[in-house]
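Undergrad: Okay, handing you the structure first.
The values are calculated or read from the model by the stated rules, or taken from the named source; none is laboratory data. Model, not experiment: these values are computed from the prediction. Positions of Cβ are backbone-derived with ideal geometry, glycine not excepted, and every protein chain shown enters the neighbour counts.
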Amino acid sequence: MIRWTLALMLLCLAAASLGISAGPAGWTTPWHAVERLVEGDVIIASLRAPRVGLAALVGASLALAGAVMQTLLRNDLAEPYVLGLSGGASVGAVLSLLLLPAVPPGFLAAIGAGATALLVRGLAGAPYDRTRLLLAGVTLSSLLTSLTGLLLILAPEDRLLRSASFWLFGGMGTPRFSLLVLPAALLVLSFAWLVPRAERLDRLTMGDDVATSLGVDVPATQRYILLWAVALTASAVAVGGLVGFVGLIAPHAARRLVGAPHRAMLPATVLLGAALVMAADTVARTAFAPRELPVGLVTAGLGGPFFLTLLRRANT
Amino acid sequence: MSAVAAEEMHAEQVVRASGLAVGWNGRAVLRDIDLAVESGERVALLGSNGSGKTTLLRVLAGLAAPLEGELRWRGTALPKGGARCRVVGYVLQAEAPVPFTVRQLVALGLGTDGPPSAPQLAKVARVLADEGLTELAQRPCSTLSGGEWQRAVIARALVAAPALLLLDEPTSHLDPARRAALHERLLRLRDQAVVLATHDLELAALCDRVMIVGDGRAMAAGRPADVLTAEVLESALGVRVRRLDDPEGGPSLFRVVGLAARFAARGGT
């Protein structure tokens, strides 16, 4: 029931986002916005709809990656970037802005994230020793963040600092629909792999020995989880920059709403993640129009109070 | 005995270990362990801390490979996937807290993917009732007492009706009433072979056989009446024990009256 409510809420939010304009036109009602979308209105169909879709995809991908990363590492503070992926993505993006200014930074950012994940996995050594994996991730992340800072300080142009800052906090831009195909396919595939195996993920949360004794092939399951989490994160970073916070709080909020079993929690996480980034992006593009805020600043601003309210409700 | 007859005999054995060596990082903690357990039989493993009881249980559960020797479950290798739950159920000494309700926890013991079917839910309800957990089915596991948690994880191990149940220190955190209840519950388990590691001499006395491990080997094995004697316990466990047998045939009681001379001389270390 809660999942259907969340899905309905997401659709309403999408319709509302379509209707809200950053320009002098102000806003139209959600049903008029949907009407104009169906009629093929250029502004709504070619500019706003891909942007709303992109926000939903980035939020859903990061939320799903965060949820399975928390399961893999059995750590409530785990999130999509915990294995140093943000550091790798930042270096990739800044190098791209520096060396290939005509190309969007997403491609090199995704490569940076993926390469960092491989490096961390190699440095961690023993198969899925969680502590070593986390320590290697945190260490590499620090190193790569320093490297990003160094590149920005030594950069010949101030323009780089500005565009990099925008990207580092999550810059959505104005995408074409074709840009969304790959991240959408990856999200669908990972969801279709993970949800049917939800009970295996539940068993993993009880520890390796218990999971193995309950029939889970722990190393293989962990390998697939890591692969999906890295792929989802890299694809989200490639199209949306570094959007923080959503991968951490969406899974926690979903657990509070529908419980911890992954079969209910994963769909709720995806819906909440999509809703959070969609709402944040709407605020980001309209609050200080014509200037646009990086969406990552707003996810924390909107998500923080929402999560604190959930925590407070749970305590009372 | 013909090969076929020998094979049939082995097939009746739920687990059979021959010449087993178990340990860590290639270093054996226990060697030359021979153990065959049949359905309905209860075997207690006794031994000092660090003697290798848990390591042996983990090998019997298929969680670690033996360093040497042969190990068979129902005459064959342990199956992969959820089918494994129908061969071995394992209850660890301690587990991290889990965010599930008691019913969800027990259902995860089925070892299957997907929401439980109606017959599976009936199995869960039956095992919850057997363990006296029906009233607690919707309670989050994080709110359970030590005794309730112990029953919940035993229910999780039993829900798939495994042929072999392995219990690691099942009474270590229980108050006397819960301990007595667990003793009674184990006496009622007749469909499984049970192997348990314990320091609880009364629990060991309730089993059909006892194996005492220490000094890297099986120091004594046999019926409780033969193994749980003051002499054997003093030499194997390093404690002087007074055994109080019930003249009416009830369970024996054990009272530790002191350390063996070899331990007392160095302050019990």
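Undergrad: Take the conditions in contact with a Leu (Cβ under 8 Å, 6 or more places away or on another chain) and within 12 Å of chain B (Cβ to nearest Cβ) and apply them to A:V270. Does it pass? Before the answer, list the steps.
TA: On the way: in contact with a Leu (Cβ under 8 Å, 6 or more places away or on another chain): yes; within 12 Å of chain B (Cβ to nearest Cβ): no.
For A:V270, the condition - in contact with a Leu (Cβ under 8 Å, 6 or more places away or on another chain) and within 12 Å of chain B (Cβ to nearest Cβ) - is not met.
Undergrad: When you scan the range B:19-73, how many residues do you find that are under 24 Å from A:D217 (Cα atoms), in a strand (DSSP E or B) and basic (K, R)?
TA: 1
Undergrad: For the range B:222-240, does any single residue satisfy the condition of being farther than 25 Å from B:V29 by Cα, of a type in the set (A, V, I, L, M, F, W, C) and buried (at least 18 other Cβ atoms within 10 Å of the Cβ)?
TA: Checking the range B:222-240: not a single residue is farther than 25 Å from B:V29 by Cα, of a type in the set (A, V, I, L, M, F, W, C) and buried (at least 18 other Cβ atoms within 10 Å of the Cβ).
Undergrad: Moving to a separate point now. On the basis of being touching a Gly at 6+ places or on another chain (Cβ under 8 Å) and in a loop (DSSP other than H, G, I, E, B), does B:P97 make the cut?
TA: Details: touching a Gly at 6+ places or on another chain (Cβ under 8 Å): no; in a loop (DSSP other than H, G, I, E, B): yes.
Spelling it out, it is not the case that B:P97 is touching a Gly at 6+ places or on another chain (Cβ under 8 Å) and in a loop (DSSP other than H, G, I, E, B).
Undergrad: Take the residues of the range B:63-78 that are free of Cβ contacts under 8 Å to residues at least 40 places away in the same chain and more than 16 Å from A:D209 (Cα to Cα): which is nearest to the other protein chains (Cβ to nearest Cβ)? Before you say what the answer is, go through the steps one by one.
TA: Of the residues in the range B:63-78, the ones free of Cβ contacts under 8 Å to residues at least 40 places away in the same chain are B:63, B:65, B:76-78.
If we keep only those that are more than 16 Å from A:D209 (Cα to Cα) too, we end up with B:76-77.
Numbers: B:T76: 16, B:A77: 14 Å.
Ranking the candidates gives B:A77 first.
Undergrad: Every residue in the range B:210-255 that is in a loop (DSSP other than H, G, I, E, B) and farther than 18 Å from B:R42 by Cα, please.
TA: Within the range B:210-255, the subset in a loop (DSSP other than H, G, I, E, B) is B:215-216, B:223, B:228-229, B:238, B:245-252.
Selection gives B:D215, B:G216, B:T229, B:G238, B:D245, B:D246, B:P247, B:E248, B:G249.
Undergrad: State all residues of the range A:200-215 that are part of a helix (DSSP H, G or I), under 18 Å from A:R263 (Cα atoms), facing chain B (nearest Cβ under 7 Å) and without any contact (Cβ under 8 Å) to a residue 60 or more places away in the chain; if no residue qualifies, say none. Walk me through how you get there before you give the answer.
TA: Keep residues of the range A:200-215 that are part of a helix (DSSP H, G or I), which gives A:200-204, A:208-213.
Narrowing further to those that are under 18 Å from A:R263 (Cα atoms): A:200-204, A:211.
Next, from what is left, pick out any that are facing chain B (nearest Cβ under 7 Å): A:200, A:202-203.
Listed by number, the residues that qualify are A:R200, A:R203.
Undergrad: Which residue, of B:D200, B:D113, B:D208, B:D168, is within 14 Å of the chain's Cα centre (by Cα), surrounded by fewer than 17 Cβ atoms within 10 Å (Cβ to Cβ) and either more than 13 Å from chain A (Cβ to nearest Cβ) or at pLDDT 90 or above (or both)?
TA: On the way: B:D200 fails: surrounded by fewer than 17 Cβ atoms within 10 Å (Cβ to Cβ); B:D113 fails: within 14 Å of the chain's Cα centre (by Cα); B:D168 fails: surrounded by fewer than 17 Cβ atoms within 10 Å (Cβ to Cβ).
Of B:D200, B:D113, B:D208, B:D168, the one residue that is within 14 Å of the chain's Cα centre (by Cα), surrounded by fewer than 17 Cβ atoms within 10 Å (Cβ to Cβ) and either more than 13 Å from chain A (Cβ to nearest Cβ) or at pLDDT 90 or above (or both) is B:D208.
Undergrad: May I pose another question? Of the numbered conditions (1) modelled with pLDDT under 95; (2) farther than 15 Å from B:R217 by Cβ, B:G52 satisfies every one except a single condition; which is it?
TA: With (1) modelled with pLDDT under 95; (2) farther than 15 Å from B:R217 by Cβ applied to B:G52, the lone miss is (2).
Undergrad: Could you go through the range B:92-106 and let me know if any residue there is more than 7 Å from every other protein chain (Cβ to nearest Cβ), under 16 Å from the mean Cα position of the chain (by Cα) and within 25 Å of B:E12 (Cβ to Cβ).
TA: Step one: filter the range B:92-106 for residues more than 7 Å from every other protein chain (Cβ to nearest Cβ), giving B:93-94, B:97, B:101-103, B:105-106.
Pick out the ones that are also under 16 Å from the mean Cα position of the chain (by Cα) and you get B:93-94.
In the following step, the residues that additionally are within 25 Å of B:E12 (Cβ to Cβ) were identified as none.
No - not one qualifying residue is present in the range B:92-106.
Undergrad: Is it fair to say A:G170 is at positive phi, in contact (Cβ under 8 Å) with a residue 24 or more places away in the chain, crowded, with 16+ Cβ neighbours inside 10 Å and within 14 Å of chain B (Cβ to nearest Cβ)? Walk me through it before giving the result.
TA: Numbers: at positive phi: yes; in contact (Cβ under 8 Å) with a residue 24 or more places away in the chain: yes; crowded, with 16+ Cβ neighbours inside 10 Å: yes; within 14 Å of chain B (Cβ to nearest Cβ): no.
No.
Undergrad: In the range B:172-197, which residue that is modelled with pLDDT under 90 and among the hydrophobic types (A, V, I, L, M, F, W, C) is nearest to B:V15 (Cα to Cα)?
TA: Taking the candidates together, the pick is B:L189.
Undergrad: Okay, moving on. Among what's in the range A:44-102 and is crowded, with 22+ Cβ neighbours inside 10 Å and within 14 Å of chain B (Cβ to nearest Cβ), pick the residue that is modelled with the lowest pLDDT.
TA: Among those residues, the one meeting the criterion is A:L73.
Undergrad: Something else: Since A:E157 meets every condition but one in (1) among the acidic types (D, E); (2) surrounded by fewer than 17 Cβ atoms within 10 Å (Cβ to Cβ); (3) within 14 Å of another protein chain (Cβ to nearest Cβ), which condition does it not meet?
TA: Result: A:E157 passes all but (3).
Undergrad: If you go through the range B:131-153 one residue at a time, do you hit one that is in contact (Cβ under 8 Å) with a residue 60 or more places away in the chain, in a helix (DSSP H, G or I) and buried (at least 22 other Cβ atoms within 10 Å of the Cβ)?
TA: The initial filter retains those residues of the range B:131-153 that are in contact (Cβ under 8 Å) with a residue 60 or more places away in the chain, namely B:153.
Next cut, in a helix (DSSP H, G or I) only: B:153.
Next, only the ones that are buried (at least 22 other Cβ atoms within 10 Å of the Cβ) stay: B:153.
Yes, the range B:131-153 contains a residue that is in contact (Cβ under 8 Å) with a residue 60 or more places away in the chain, in a helix (DSSP H, G or I) and buried (at least 22 other Cβ atoms within 10 Å of the Cβ).
Undergrad: So which of A:L187, A:L161, A:L150 ends up being in contact with a Ser or Thr (Cβ under 6 Å, 6 or more places away or on another chain), part of a helix (DSSP H, G or I) and farther than 30 Å from A:S213 by Cα? Walk me through how you get there before you give the answer.
TA: Details: A:L161 fails: in contact with a Ser or Thr (Cβ under 6 Å, 6 or more places away or on another chain); A:L150 fails: in contact with a Ser or Thr (Cβ under 6 Å, 6 or more places away or on another chain).
Checking each option against the conditions leaves just A:L187.
Undergrad: OK, next. Give me the helices (runs of 4 or more DSSP H) completely within the range A:221-316, filtered to those with at least 2 residues that are in contact with an Asp or Glu (Cβ under 7 Å, 6 or more places away or on another chain), ordered by residue number.
TA: Details: elements: A:246-258, A:262-286, A:295-315.
Hits in the range A:221-316: A:246-258, A:262-286.
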